[in-house]
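Read through the structure below, which is laid out as structure tokens, and then see the notes.
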């Protein structure tokens, strides 16, 4: 009987429990995947705590890679034995195997390992829609990227640098500053001792940046607004420090007729064609080594709670994996 991490209540990492799970039947348009590596993402902590509501009891986790074991009726693009990865709309990836909609599954190319697939797909598709859809970054354009040493941050940083953008990266420590410089940051702000908006203004000679990518949330939101040039775009895509409090639209006017969006990767990849396009461009970046996948740490599936503690305490860099 396959095992999975489940929650029957919402709260801290201690609510994550390893349980035996009755195998689900494979329905029309679905596939059964045996997981070989599972991605750990900040959205998993939102599901666990209740910031994003889920129906209890529930699985946890949105991303995994593995091998197709069985295909359902109507599935023609996948077959048993294919190496694949997926990002699910509903939690449940922290498991030894899972039945998922084939429409959310992509094949892994030969140049991308199972571990790299699980480490990069959700985070890399996030980077793709941020840089190519929300705001198409341009060569020599200054952009501000928060939490650049994290899983999404490192991938997005490298991709932006490959596109020719000049990335101002924020990090929490000198050790992380060295890491993001190695991965293409043009300038680095250590938030523990530097004023973000003042440094951005100094770097851009007072103009500010046309776009800010902010996955931190509450702690950086105002500084992000203050870093933007007139008509700039504030992309608030995460809540690592907590959700952003309500903001009056007049605050956007006062700072230069700014734009504000709160996007999610699922809306930008809702169409199969968009998912395929994003995955193709992402895997091209990985196989060409323009984006190097950094796996910060691997944990046993049973140690999912430890992974969540490390992630929330910001003790990690790069991507985290669970290995069944």
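The values are calculated or read from the model by the stated rules, or taken from the named source; none is laboratory data. None of these values were measured; they are calculated from a predicted model. Note that we place each Cβ from the backbone using ideal geometry, even for glycine, and neighbour counts take in every protein chain shown.
When you check residue 18 against the structure, is it touching a residue at least 40 places away in the same chain (Cβ under 8 Å) and either in a loop (DSSP other than H, G, I, E, B) or loosely packed, with under 14 Cβ neighbours inside 10 Å (or both), yes or no? Spelling it out, it is not the case that residue 18 is touching a residue at least 40 places away in the same chain (Cβ under 8 Å) and either in a loop (DSSP other than H, G, I, E, B) or loosely packed, with under 14 Cβ neighbours inside 10 Å (or both). When 94, 52 are checked against the criterion of being in contact with a helix residue (DSSP H, G or I) (Cβ under 6 Å, 6 or more places away or on another chain) and free of Cβ contacts under 8 Å to residues at least 40 places away in the same chain, a single residue qualifies: 52.
Selection over the range 246-262 of residues that are touching a helix residue (DSSP H, G or I) at 6+ places or on another chain (Cβ under 8 Å) and modelled with pLDDT under 95 gives a count of 1.
Which of the residues that make up the range 48-75 are surrounded by fewer than 22 Cβ atoms within 10 Å (Cβ to Cβ) and closer than 18 Å to residue 239 by Cβ? Correct list: 49, 50, 51, 52, 53, 54. Look at residue 4 and say whether it is closer than 26 Å to residue 264 by Cβ, buried (at least 21 other Cβ atoms within 10 Å of the Cβ), in contact with a helix residue (DSSP H, G or I) (Cβ under 6 Å, 6 or more places away or on another chain) and modelled with pLDDT of 95 or more. For residue 4, the condition - closer than 26 Å to residue 264 by Cβ, buried (at least 21 other Cβ atoms within 10 Å of the Cβ), in contact with a helix residue (DSSP H, G or I) (Cβ under 6 Å, 6 or more places away or on another chain) and modelled with pLDDT of 95 or more - is not met. Please verify whether residue 153 is at pLDDT 95 or above, touching a strand residue (DSSP E or B) at 6+ places or on another chain (Cβ under 9 Å) and at positive phi, treating the condition exactly as stated. No.
Summed over the range 287-324, the residues that are in contact with a helix residue (DSSP H, G or I) (Cβ under 6 Å, 6 or more places away or on another chain), buried (at least 21 other Cβ atoms within 10 Å of the Cβ) and assigned to a helix (DSSP H, G or I) give a count of 1. Residue 236 meets the conditions (1) within 14 Å of residue 170 (Cα to Cα); (2) touching a helix residue (DSSP H, G or I) at 6+ places or on another chain (Cβ under 7 Å) in every case but one. The failed one is (1). Number of residues in the range 257-277 that are crowded, with 16+ Cβ neighbours inside 10 Å and either over 22 Å from residue 103 (Cα atoms) or in contact with a strand residue (DSSP E or B) (Cβ under 9 Å, 6 or more places away or on another chain) (or both): the value is 6. Go through the range 86-109 and give me each residue that's at pLDDT below 95 and surrounded by fewer than 16 Cβ atoms within 10 Å (Cβ to Cβ). Hits for the range 86-109 are 89, 90. Taking the range 134-229 and the helices (runs of 4 or more DSSP H) fully enclosed by it, the elements with 2 or more residues that are touching a residue at least 24 places away in the same chain (Cβ under 8 Å), out of contact with any helix residue (DSSP H, G or I) (no Cβ under 9 Å at 6 or more places or on another chain) and surrounded by fewer than 21 Cβ atoms within 10 Å (Cβ to Cβ) are at 196-203. The residues of the range 230-244 that are farther than 24 Å from residue 308 by Cα and either outside the structural domain of residue 165 (by TED's automatic domain parsing) or free of Cβ contacts under 8 Å to residues at least 60 places away in the same chain (or both), listed by number, are 230, 231, 232, 234. Taking the numbered list (1) buried (at least 18 other Cβ atoms within 10 Å of the Cβ); (2) within 22 Å of the chain's Cα centre (by Cα); (3) modelled with pLDDT under 95 in turn, residue 40 passes all entries but (3).
For the range 26-37, the tally of residues that are within 30 Å of residue 316 (Cβ to Cβ) and in contact with a helix residue (DSSP H, G or I) (Cβ under 6 Å, 6 or more places away or on another chain) stands at 2.
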